[in-house]
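As structure tokens, the structure follows; a few thoughts come after it.
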Amino acid sequence: MSDIQTFFQETLPAKLVENAYEVEGESMTYVIKVLGDEECAWNIVVDNGAATVNQGELDSPDCLVEIFGDDLLDIVAGKLNPQMAYMAQKLRVEGSTRLALRLVNILTE
């Protein structure tokens, strides 16, 4: 299993459980498009605080994030500041910036 697959199948679901207070009582959808060698798309659906992670895109997510796999893993590992990645155009966000910031909090806490 690649590092990106491990992130989406193990690390991200664990972070969503660990930081459940970030989405408590909320409903929202995310799509994370990974660019580069391991190009793929994953979605996060939060329904009344319960989050699921699945491979694939969603129509009209509340927040779409596009990022290269290495940069995503560096953000999670604390090696790359998400705000610096955004300013350097290593991270692209469509839709709710507020939700993107919430996702960053989930990933980095």
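Nothing in this text is a laboratory measurement; each read-out follows from the coordinates by a stated rule. Every value quoted in this text rests on a predicted model; they were computed, and no experiment measured them. Neighbour counts run over all protein chains shown; Cβ positions are idealised from the backbone, glycine included.
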Starting from the Cα gyration tensor of the chain, take the square roots of the eigenvalues, sort them a ≥ b ≥ c, and report rounded, prolate or oblate (rounded when a/c is under 1.5, otherwise prolate if a/b is larger than b/c, else oblate). rounded
Which FRET efficiency value, to the nearest 0.05, is calculated for GLU18 and GLU57 with the Förster distance at 35 angstrom and r the Cβ-Cβ distance? 0.85
Here the gain from full extension of GLN9 to ASP37, 0.36 nm per residue of separation minus their alpha-carbon distance, amounts to 8.3 nm
What FRET efficiency comes out for ASN48 versus GLN83 if R0 is 25 angstrom and r is the Cβ-Cβ distance? Round to the nearest 0.05. 0.25
If you take every DSSP beta bridge fully contained in the chain, what fraction is antiparallel? Give it as a percent rounded to 5. 75
Expressed as a rounded percentage, what relative contact order does the chain have, with Cα pairs under 8 Å and six or more residues apart? 25
Checking the cross-link filter: which aspartates and glutamates have an alpha carbon closer than 17 Å to that of LYS15, excluding same-chain neighbours under 8 positions apart? ASP3, GLU24, GLU26, ASP47, ASP74, GLU109
Which order results if CYS63, CYS40 are arranged by neighbouring Cβ count within 10 Å, fewest first? CYS40, CYS63
What are the aspartates and glutamates whose alpha-carbon lies under 12 Å from the alpha-carbon of LYS79, with same-chain residues fewer than 8 places away excluded? ASP70, ASP71
